[in-house]
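What follows is a set of notes on a single structure, which appears directly below.
Rule-based calculations on the coordinates, nothing more; no lab input. Given the structure is predicted, the values throughout are model-derived calculations rather than measurements. No Cβ is skipped: glycine too gets one built from the backbone with ideal geometry, and neighbour counts run over all protein chains shown.
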Amino acid sequence: MFDISLIPAFKDNYIWLLQRGRQAFVVDPGEAAAVVERLENLGLTLAGILVTHHHADHQGGIGELLERWSCDVYAPAEESITGTTRPLRGGERIDVLGTPVEVLAVPGHTLGHLAYLAPGALFCGDTLFGAGCGRLFEGTPAQMSASLARIAALPDATRIYCAHEYTQMNLPFALAVEPDNRALAERAARVAALRAAGQATVPLTLAEEKATNPFLRCSEPAVIAAAVAQAAVNREKVEVFAALRAWRNVF
């Protein structure tokens, strides 16, 4: 298995660096400069790029990286991604630095959005965040709900490597949905301490997300009641999710 570390980018993006020996992959390189600096400082060669979706803050650095290193770019086949050499649709198994990685289709944020599942680690782009999920720019509530259910079905110990530091920003909404969720209150305190110390809240653990993320809790009575109170929807899971997402958009 490769080692994983983060490269901060822009205001709150995380580019993930996967390293084994002197070889490296990066996930969602929205900018090149920080990646180039890290690779050169560590004496690494870029062996590949994994892209979850087409938004500029996830692929904007690819062109410059390919000018320095010749490597494969694994990306959604249905989206326009700079330099793609390995178009993917989900269901494939690829080799990343000697580790088997499963490609998952997780549409919702965008239609072709992918996630990459390594042993014990999921790189999910903008599908799932700490205490939240991505906006539905292209997909439907049914698609995103199904994508989140697919992630939630993974082992609880799975570590979630999302692409933004949004946890602290998302927690007030989660608490508005479930004000009596003790695990949420405890998480808010832990996250506040981490951020005050300048530390990342990512990677996340799937177990904690299932206990505190309202978008993974659409079958919980308290979450259903909160959604119904907001939008007078029925209690079906997708309708609850759609009501929560609409509420979050204006929260």
For region 159-167, Karplus-derived ³J(HN,Hα) couplings (6.51, -1.76, 1.60; θ = phi - 60°; whole Hz; x for glycine and proline) come out as 8, 9, 9, 8, 9, 9, 8, 10, 4
FRET efficiency for residue 186 and residue 70 from the Cβ-Cβ distance with R0 = 35 Å, rounded to 0.05, comes out at 0.15
Computed over region 3-250, the relative contact order (Cα-Cα under 8 Å, seq sep at least six) in percent reads 13
With x for Gly and Pro, the residue-by-residue ³J(HN,Hα) of region 192-202, computed from phi through the Karplus equation 6.51 cos²θ - 1.76 cosθ + 1.60 at θ = phi - 60° and given in whole Hz, is 4, 5, 4, 5, 4, 8, x, 9, 6, 9, 10
One can check that the equivalent ellipsoid of the chain, built from the alpha-carbon gyration tensor with semi-axes equal to the square roots of five times its eigenvalues, has lengths in Å, largest first, of 32, 19, 15
Karplus-derived 3J(HN,Hα) from phi for region 30-36 (6.51 cos²θ - 1.76 cosθ + 1.60, θ = phi - 60°), whole Hz, x at Gly and Pro, runs x, 9, 8, 4, 5, 5, 4
Summing -39500 (n - 2.57) over every DSSP H run of at least 4 in the chain, dividing by its residue total and rounding to the nearest 500, the 222 nm mean residue ellipticity is -10500 deg cm²/dmol
Dividing the mean separation of Cα pairs under 8 Å (6+ apart) by the residue count of region 38-94 yields a relative contact order in percent of 31
Rounded to 0.05, the calculated FRET efficiency for the beta carbons of residue 149 and residue 77 at R₀ = 25 Å is 0.60
